[in-house]
There are 2 protein chains.
Amino acid sequence: MSPTKSLPLIEPVADEAVEPCCPPLTERTFTAEEAERTAKMFKALGDPVRLRLFSAVASHESGEACVCDISDVGVSQPTVSHHLKKLKEAGLLTSERRGTWVYYRVEPSVVAAMGRLLTGAPSGVS
Amino acid sequence: MSPTKSLPLIEPVADEAVEPCCPPLTERTFTAEEAERTAKMFKALGDPVRLRLFSAVASHESGEACVCDISDVGVSQPTVSHHLKKLKEAGLLTSERRGTWVYYRVEPSVVAAMGRLLTGAPSGVS
């Protein structure tokens, strides 16, 4: 009898409060819980340095960037790392360590969901 | 000789840094100036109470609302007024006084421009 081994299921990274949610802002007054979740994402982009870093990652050729790729926004590397971490905590970026560097990539479903909140397109599974 | 009186010209309300700008965030790294302008708008929605108030105005039946219409977000009327003013300063709402009350209305072009930054639709004159 060949031994079987149960492999762990690959689970989506469980960053808390990251899942995109909520109807367009024009549909109805948000509940306190919806507002709490969604405000976090907007807040993450509500800082000029973070917004520049986000655009740097989002527009980087391979669709991802590490701190080593981003040096032209006029802040130190630890500051870059700090802000990229904040963007990740807000669910806007995902990260993966490869060797020395952590590579960041835009989370398209979350960003698209934020866009839909504003453009009024119906929410739904993306 | 009849005296003449120079009347002040009616100028558009000069909210500074309100005009929607900038390409989609995926297009290129934002300049410092673009990031400064755009972060203000995201920051305005980066607070749960403001986000609820914004959704209350945006979803109100006539497309506008006064402080008198918004009483169910669990904060005092002066706090509501304070936050609505912040949203106005960020260019997301416009306001008009009628009698006792100031009525707030969503500025669709600014909100749509924010949506386009995220959804990646080409920017342009709205």
HN-Hα J in Hz across region A:21-36 - Karplus 6.51, -1.76, 1.60, θ = phi - 60°, x for Gly and Pro: 8, 6, x, x, 5, 8, 7, 6, 5, 5, 6, 4, 5, 4, 5, 4
Burial ranking of peptide ranges B:33-42, B:61-70 (average Cβ count within 10 Å, highest at the top): B:33-42, B:61-70
Accessible area per residue, Å², region A:67-126 with all protein chains present, probe 1.4 Å: 53 Å²
Carbon plus sulfur fraction of accessible area for region B:30-126, probe 1.4 Å, in percent: 50 percent
Shielding of B:53-66 by partner chains, average beta-carbon count, 10 Å: 4
Shortest-first distances to equivalent copies, position A:Gly99, nm, label 7 Å out along Cβ: 7.1
Residue-averaged beta-carbon neighbours from other chains (10 angstrom radius) around A:30-38: 5
Packing-based order for B:106-113, A:88-95, using average beta carbon neighbours within 10 Å, highest first: A:88-95, B:106-113
When each of A:Lys43/B:Lys40; A:Lys85/B:Lys85; A:Lys88/B:Lys88; A:Lys86/B:Lys85 is checked by Cα-Cα distance, pairs over 20 Å: A:Lys85/B:Lys85; A:Lys88/B:Lys88; A:Lys86/B:Lys85
Under-5 Å amide H pairs with A:Tyr103, H placed in peptide plane, nonlocal only: A:Glu96, A:Arg97, A:Arg98
Average beta-carbon neighbours from other chains, 10 Å sphere, peptide B:102-114: 2
Buried solvent-accessible surface, both chains (B, A), 1.4 Å probe, Å² to nearest 100: 2600 Å²
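The values are calculated or read from the model by the stated rules, or taken from the named source; none is laboratory data. All figures in this text were calculated on a predicted structure; none of them were measured in a lab. With ideal geometry, Cβ positions are generated from the backbone for all residues, glycine too; neighbour counts draw on all protein chains shown. Remember, those area values only see protein heavy atoms, side chains included, never the ligands or the DNA or RNA. Shrake-Rupley method; radii C 1.70, N 1.55, O 1.52, S 1.80 Å.
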